[in-house]
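The values are calculated or read from the model by the stated rules, or taken from the named source; none is laboratory data. Just so we're clear, the structure is a prediction, and the values are computed from it rather than from any experiment. With ideal geometry, Cβ positions are generated from the backbone for all residues, glycine too; neighbour counts draw on all protein chains shown.
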Amino acid sequence: MKKQSKWLLLMLAVLILLTAAVACGGEKAKENKNPKQGENNKETVETAAPDGMLEYSDGKTTLHFAKDEDGQWQWQDDPAFPLDESELHAVLTSVEEMMSAQPIKNAKKPSYYGLDSKETYLRTTDQKGNKVTFYFGDKNKNDQYYMRRTDHKGKVYAAPKALTKALSRSIYDMMKLPKLPELTEKNMQTIVINGGDGVKFSVKASDGQWVRQGTKVSKKMQPVVKMLDGLALDRCIDYRPSHGVDKICGLRHPAAVIRVDYVNSMNVETSFRMEVGDKRGSGRYVRINDDNTIYLIDSKTLTPLLRLAQEGL
């Protein structure tokens with residue numbers, strides 16, 4: 001009986017070990033399956049495709065964007081355009097929201113919401129690389145476009161509110177503006193101002209003073225010096241303008257031209273030049289250096305320069 005008892009106990013121990021091994025194997029199998037299930041769940045959430053294709057129209061202007069080989073967004077009409085990618089953020093974020101948006105319950109036919117029109121739209125690709133077009137119709141009381149998807153026929157959605165403003169933005173509003181040189185009273189050496197009616201004069205820095213032909217003129221020059229310190233462009237008006245635009249903007253015969261000779265941060269003598277044209281709203285058209293792009297700067301900022309360009313010293 002003792003031998004049989006030992007044998008039975010041994011068999012029972014082996015059985016317990018086998019049962020535990022099977023249980024552990026089952027748990028490991030579950031652990032291995034869970035990540036795949038999680039990945040599959042993530043795949044069901046649609047996102048903008050990694051190939052980076054984006055096209056949208058407000059009914060008047062159509063903008064095309066794509067990513068280059070380095071993954072940087074470019075304006076397809078002119079890849080050299082200095083696009084500020086952060087300005088695309090509102091659109092790209094809206095695309096993500098649109099991909100996962102839920103249809104409006106008990107919605108009427110799409111045509112009721114103005115969705116029979118194809119003038120205002122956004123086209124991109126889903127995660128699988130399939131093209132998806134969102135068409136936009138009327139706006140609701142929250143200033144959101146009603147929209148429909150080409151791959152979800154008959155369903156009506158409300159587009160993200162941020163998209164309403166983003167769709168109407170000009171490509172020039174998405175430009176990375178050039179940073180003007182740092183001009184201070186310490187690094188500026190000479191200032192030359194041209195204006196209307198033959199006004200032209202030059203002043204030089206000398207022992208902490210601004211001097212013109214031996215006469216100190218620091219008091220009159222101080223407002224212009226202050227203007228130059230921290231001067232920045234407000235926005236782009238026309239990138240690579242066509243012939244004749246400069247005349248329309250009053251830049252063929254500027255109201256004021258200023259040239260500043262200064263020493264930059266690398267201790268190299270260089271110069272900055274700016275032309276000031278006609279008014280546009282609360283601003284003035286300007287061009288800088290050899291760049292023919294037309295920018296805008298607030299008129300009040302330029303008042304000290306315009307005054308001296310008109311009256312002289």
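If only residues of region 88-110 that are among the small types (G, A, S) and closer than 15 Å to H152 by Cα are counted, the one that is modelled with the lowest pLDDT is S100. For region 203-243, name all the residues that are of a type in the set (S, T, Y) and either under 15 Å from T184 (Cα atoms) or exposed (fewer than 15 other Cβ atoms within 10 Å of the Cβ) (or both). Residues satisfying the conditions are S206, T215, S218, S242. In this structure, K247 does satisfy being closer than 30 Å to R169 by Cβ and outside any loop (DSSP other than H, G, I, E, B).
For every residue, the table says whether it meets (1) within 14 Å of L180 (Cα to Cα); (2) out of contact with any Asp or Glu (no Cβ under 9 Å at 6 or more places or on another chain); (3) not small (G, A, S).
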residue	(1), (2), (3)
Y239	no, no, yes
V245	no, no, yes
D261	yes, no, yes
G283	no, no, no
Y295	yes, no, yes
S299	no, yes, no
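Of all the listed residues (F201, F134), the sole one being in contact (Cβ under 8 Å) with a residue 24 or more places away in the chain, in contact with a Leu (Cβ under 6 Å, 6 or more places away or on another chain) and not assigned by TED's automatic domain parsing to the domain that holds S265 is F134.
Scanning region 272-313 for residues that are part of a loop (DSSP other than H, G, I, E, B) and either touching a Ser or Thr at 6+ places or on another chain (Cβ under 8 Å) or closer than 15 Å to G195 by Cα (or both) gives S282, G312, L313.
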